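The values are calculated or read from the model by the stated rules, or taken from the named source; none is laboratory data. Keep in mind it's a predicted model, so treat the numbers as computed, not measured. Virtual Cβ from ideal backbone geometry, glycine too; neighbours counted across all protein chains shown.
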Amino acid sequence: MVKKAVKKTKGKKKQIVIHASTKKEKVQPHEAYIKTGIAGFDALFEKGYGLHPGDAVLVEGGPGSGKTIFCLATVNGLCKQGKKCLYMSFEEPEVKLIDHMKHFNWEVDNYIKKGLLRIQRFDALDVARSVEALLSAAKKELLIDIDTSLFPSDFKPDFVVIDSLTSISSAFSGQESRFRIYMEQLFRYLEKNGITNFLIREVSTPSHMGSTFKEEGEAVSFLSDGIIVLYNVIYDKGNRGAAIEILKMRGVNFSKKIVELDIVDKKGVIVNPDKILRRDGKAGFTLT
Ligand SMILES: Nc1ncnc2c1ncn2[C@@H]1O[C@H](COP(=O)(O)OP(=O)(O)OP(=O)(O)O)[C@@H](O)[C@H]1O
Ligand SMILES: [Mg+2]
């Protein structure tokens, strides 16, 4: 099994060289791969594969497509495995996120009590201001101390969710180069500390569906190790649903298909790896 992973990674050598931030140590023993705990989603990876520890993964989708709940479900799955998670919210306040988790009967209070979970709200404008101050103090564009300006110094997580890059980038509006510098520093910090991370990004049109416009925050795509896309689905009969796919995940084998996703009260996020969205002549759908 390990042999297979070596072969696959060798096959992608060119890609790894192009993206300077990716790691040569990509080949992991299979038990080192990270599972989200969302069974149907984990089943999209070929047997024995999962997320690489330290990966930076974009979680993209339109408004209300399930980005926040999907990431909270992953946090739940990882806390259950004893991993330490930090949820950095630039949108909803802590209490609301805790409430969302309680709706699915996830043991959020217990995780927090055990020191496995911290949910913290940040003000994106404060972050932009502190980056500004650090840059003018340093008189250089590369000396941002991400560690103290953004991360709680008393909490060392294995996994971080940033909800969302879209909110951070709008606080940097008109200063795109600053946003880019900030993102590069943030990625470097996470990479240096081996912190696996999900970076939520709201996109008005799913990025791989032929759109050519450049969105704010586009700079981060090239830095990411993986992209998970969530879709709002409109079926021809008029009903709505949701779907998910792994669009990209460097160095691992996964199924390339868009499958149904359900968010069910009291239960959580259910991904059906065998329910592939397809047009069968009678029934069609549109992805938004
Ligand atoms: N307890 C629940 N039970 C059933 N469905 C829920 C529950 N909580 C949320 N949902 C559904 O999940 C959907 C997605 O919510 P979520 O907040 O994750 O979307 P999002 O992509 O983060 O949206 P936004 O772009 O506004 O941040 C909601 O629109 C709602 O339909
Ligand atoms: Mg959200």
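Residue count for the stretch 251-268 satisfying the condition of being more than 15 Å from PHE45 (Cβ to Cβ) and not basic (Lys, Arg): 8. Restricted to the stretch 101-116, and to residues there that are surrounded by 18 or more Cβ atoms within 10 Å (Cβ to Cβ) and within 16 Å of ligand 2 (Cβ to nearest atom), the residue that is farthest from CYS79 (Cα to Cα) is PHE104.
Only a single item in (1) within 16 Å of ligand 1 (Cβ to nearest atom); (2) in contact (Cβ under 8 Å) with a residue 60 or more places away in the chain is not met by HIS52, and it is number (1). Under the condition of being part of a helix (DSSP H, G or I), among the aromatic types (Phe, Trp, Tyr) and either within 16 Å of ligand 2 (Cβ to nearest atom) or closer than 22 Å to LEU125 by Cα (or both), the residues counted in the stretch 40-99 number 1. Considering only residues in the stretch 71-111 that are more than 24 Å from LYS156 (Cβ to Cβ) and among the hydrophobic types (A, V, I, L, M, F, W, C), the one that is farthest from ligand 1 (Cβ to nearest atom) turns out to be VAL95. Whenever a residue of the stretch 253-266 is farther than 13 Å from TYR49 by Cβ and within 8 Å of ligand 1 (Cβ to nearest atom), its partners that are at pLDDT 95 or above and part of a loop (DSSP other than H, G, I, E, B), lying with C-beta atoms within less than 8 angstrom and at least six residues away or across chains, give the pairs ILE263/GLY66; ASP265/PHE104; LYS266/PHE104; LYS266/ASN105.
The rows are residues; the columns are (1) within 16 Å of ligand 2 (Cβ to nearest atom); (2) modelled with pLDDT under 90; (3) touching an Asp or Glu at 6+ places or on another chain (Cβ under 8 Å); (4) within 23 Å of GLN120 (Cβ to Cβ).
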position: PRO152; (1), (2), (3), (4): no, yes, no, yes
position: PHE159; (1), (2), (3), (4): no, no, no, yes
position: ILE162; (1), (2), (3), (4): yes, no, no, yes
position: ARG180; (1), (2), (3), (4): no, yes, no, no
position: ILE195; (1), (2), (3), (4): no, no, yes, yes
position: ARG201; (1), (2), (3), (4): yes, no, yes, yes
position: GLY210; (1), (2), (3), (4): no, yes, no, no
position: ILE227; (1), (2), (3), (4): no, no, yes, no
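Each residue in the stretch 164-175 was checked for being within 11 Å of ligand 2 (Cβ to nearest atom) and either β-branched (Val, Ile, Thr) or in a strand (DSSP E or B) (or both), and 1 pass. Taking the condition touching a Lys or Arg at 6+ places or on another chain (Cβ under 9 Å) and closer than 21 Å to ARG201 by Cβ, does LEU247 pass? So LEU247 passes the test.
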